[in-house]
1. Of all residues in the stretch 165-189, which are among the charged types (D, E, K, R) and touching a residue at least 60 places away in the same chain (Cβ under 8 Å)?
2. Would you be able to tell me the number of residues in the stretch 93-111 that are surrounded by 15 or more Cβ atoms within 10 Å (Cβ to Cβ), of a type outside the set (S, T, N, Q) and at negative phi?
3. For a quick check of your reading of the model, give me the residue pairs whose first member lies in the stretch 27-40 and is touching a residue at least 40 places away in the same chain (Cβ under 8 Å) and loosely packed, with under 14 Cβ neighbours inside 10 Å, whose second is of a type in the set (Val, Ile, Thr) and in a loop (DSSP other than H, G, I, E, B), with beta-carbon atoms closer than 6 Å and at least 6 apart or on different chains.
4. Output the strands (runs of 3 or more DSSP E) that fall wholly within the stretch 1-73 and possess 3 or more residues being within 15 Å of the chain's Cα centre (by Cα), modelled with pLDDT of 95 or more and of a type in the set (A, V, I, L, M, F, W, C), or say none.
5. Does any residue in the stretch 132-150 that is closer than 16 Å to residue 91 by Cβ come within less than 9 Å, Cβ to Cβ, of a residue that is of a type in the set (Asp, Glu) and surrounded by 15 or more Cβ atoms within 10 Å (Cβ to Cβ) six or more places away or on a different chain, and which pairs are these?
6. Looking at the stretch 5-19 only, could you name the residues that are under 17 Å from residue 48 (Cα atoms) and either of a type in the set (D, E, K, R) or surrounded by fewer than 19 Cβ atoms within 10 Å (Cβ to Cβ) (or both)?
7. Out of 94, 124, which single residue is closer than 26 Å to residue 198 by Cβ, among the aliphatic types (A, V, I, L, M) and part of a helix (DSSP H, G or I)?
Amino acid sequence: MQLAIRHLLPTYFTESATQISEIWGKDLVVEKGELIKIVAPSGNGKSSLIHFLYGMRSDYNGIISYAARNMNEFSIEDIARYRRDHISIVFQDMKLFADQTVQDNLEIKRQLNPYHPAGKIKEMAERLGIGDRLSIKCGTCSYGEQQRTAIIRSLLQPFDILLLDEPFSHLDNNNSEKAMKLVLEEAGARNAAIIFVDVERKDLFPFSRLYHL
C-alpha cells in the first residue's frame with residue numbers, strides 16, 4: 001500500500017517552515033518495504049506528523065493519501081479499518097491501559113485482527129526482556145518496560161506501514177538494539193514500510209531515506 005504526502009503543513013505553522021523542511025510543503029511517496037527516517041529537534045512537529053498519518057488529527061493543509069485515497073475523505077469506519085488492517089503505530093507516550101496488565105494490553109490488541117497466535121506474545125516479551133512482567137499492571141511498570149510493551153503491541157497486527165514516534169527514547173542501547181531487530185524482522189515479514197521519527201539520527205535504524213523535518 002502506497003502512502004503519499006502532498007504539500008502537507010500544519011495549520012499552526014507558517015509558510016516559512018516549508019523553506020527549511022524536507023517534509024513540510026513537499027511531496028513524498030512511501031512504498032511498501034521502504035525504511036524512512038525523519039529527524040527534527042523538539043517542537044518541529046514530529047508527533048504532529050505521526051498523528052496526521054494515523055488519522056488522529058486533521059489540522060493541516062495538503063493531502064495525505066493511502067492507496068490513492070485522500071485521507072480527508074475517509075469515514076470513521078475507514079480510518080478504523082486502516083488502523084486495524086494496514087497501519088500500526090508506536091506512540092511517543094505509549095497510550096497503554098495503565099490498570100490492565102502487560103498481557104492484557106497485548107492480547108486486547110492482538111484480538112482486534114490476529115496476525116500472530118497468542119503464544120507469540122510470550123515469545124516477543126522474552127526477547128525484549130519483559131517476559132516476567134506480563135502479569136504486572138502497566139501503570140506500575142517502568143517507562144522502559146512500558147515502551148517495550150508498546151513496541152510489541154504494534155507488531156501483533158497486520159500492517160503495511162509502521163509509524164514509530166521516538167520508540168526507543170526510554171531504552172538503553174542494548175534494549176534498543178533488541179527492539180529494533182524485532183521490529184525489522186516483523187516489518188520484513190510483511191514487506192511493510194517503516195516511518196521512524198526521532199530527535200536525532202541514530203545508525204541503529206538502517207534507513208533507506210533520511211529527511212529533516
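The values are calculated or read from the model by the stated rules, or taken from the named source; none is laboratory data. Just so you know, these numbers come straight off a predicted model, no measurement behind them. Cβ sites come from the backbone with ideal geometry, for glycine too, and all protein chains shown count toward neighbours.
1. Residues satisfying the conditions are 165, 166.
2. 7
3. Taking only residues 6 or more apart or on different chains, not a single pair turns up.
4. It comes to 35-39.
5. 138/104; 138/145
6. Result: 6, 7, 10, 11, 12, 13, 14, 15, 17, 18.
7. 124
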